Amino acid sequence: MTDAEPVLSLQNVHKAFGGVVAIEEFSLDLRAGQIVALVGDNGAGKSTLIKIISGVHTPTSGGIRLDGEPTAFADASSARSNGIEVVYQDLALADQQPVYMNMFLGRELTKQPFGLLDKSRMRQQTQTLVDELDIRIPSVNSTISDLSGGQRQGVAIARATHWASKLILLDEPTAALGVAETARVEELIISLKTKNLAILMVSHSLDQVFRLSDRICVLRRGVQIGIRETAKTDKNEIVSMITGVS
């Protein structure tokens, strides 16, 4: 593993909601060009961690460092402005809008001086990204509702890639997809490593975790059980860590 400065570092992060502890002391380094898988049963705290990293929740205690500098995200917009993007399970796409408008959702390009939408520039930039990532869709003018599940996931990942400069968080990226579409999306995820982004992926599929990840971080009931290099562990060890049954 590289000794380069982590893109993002969580240090002894603790999160409680009133008297309920969601995350105990949690520490993790995320590095450029690496995929870290976050695994654990339902209720383990994975979603809470994703929301802490993406600025939705503020840690009760502990720290976050971005490129080695202490930081705090006031909200999700703050995390996005620092180069962190999330691909949620529900994708957060506008179904009745075309692909190119979804790529710039909330960050539309405009023409001056009247502030009209610059649709041609948004189409052009979307087409460039779609070609670069080999997203197989009929057209950047296609309406999202007309696309397959895998194509929609591709658009969501492409949008995150377009805006992320540091880190992409993937929440169950292929949960609703068939075998062929899952394979296509996995190819896309692997290609993100070449863009020197750090990637944190939540997945229930251990097969997928072992195919894609460089490291695996295990959570159980809010407690960080351990981190393993994927090449130096196996499914039996990870299942034991997840369940607590050896």
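What follows draws every value from the coordinates through simple rules; no lab data is involved. Quick caveat, the model's predicted, so the values are computed rather than measured. Reconstructed Cβ throughout: ideal geometry from the backbone, glycine too, with neighbour counts over all protein chains shown.
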Practice problem: Enumerate the lysines that Lys235 could reach by cross-link, defined here as Cα to Cα under 22 Å, with residues fewer than 8 away along the same chain left out. | Solution: Lys46
Quiz prompt | Point-to-point label distance, Glu108-Ser78, nm (Cα→Cβ direction, 7 Å offset) | solution = 2.8
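Go through 16-24, 207-215, 136-144 and give me the packing order, highest mean Cβ count within 10 Å leading. Could the numbers behind the result be given before it?
Values: 16-24: 13.1, 207-215: 18.3, 136-144: 15.8.
The peptides rank, most packed first, as 207-215, 136-144, 16-24.
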Quiz item: How large is ³J(HN,Hα), in whole Hz, for each residue of segment 220-228 in order, when computed from phi with the Karplus curve 6.51 cos²θ - 1.76 cosθ + 1.60 and θ = phi - 60°, using x for Gly and Pro?
Solution: 9, 6, x, 9, 6, 7, x, 10, 10
Quiz item: Once amide H atoms are built 1.01 Å from N in the peptide plane, which residues 5 or more positions from Gln224, or in another chain, come under 5 Å H to H?
Solution: Glu24
Quiz item: For His57, which sequence-distant residues (separation of 5 or more, or a different chain) have an amide H within less than 5 Å of its own amide H, given hydrogens modelled in the peptide plane?
Solution: Ile52
Self-check item: Karplus (6.51, -1.76, 1.60) ³J(HN,Hα), θ = phi - 60°, over segment 22-39, in Hz, Gly and Pro reported as x
Solution: 8, 9, 7, 4, 10, 10, 7, 9, 10, 10, 4, x, 10, 10, 10, 9, 10, 10
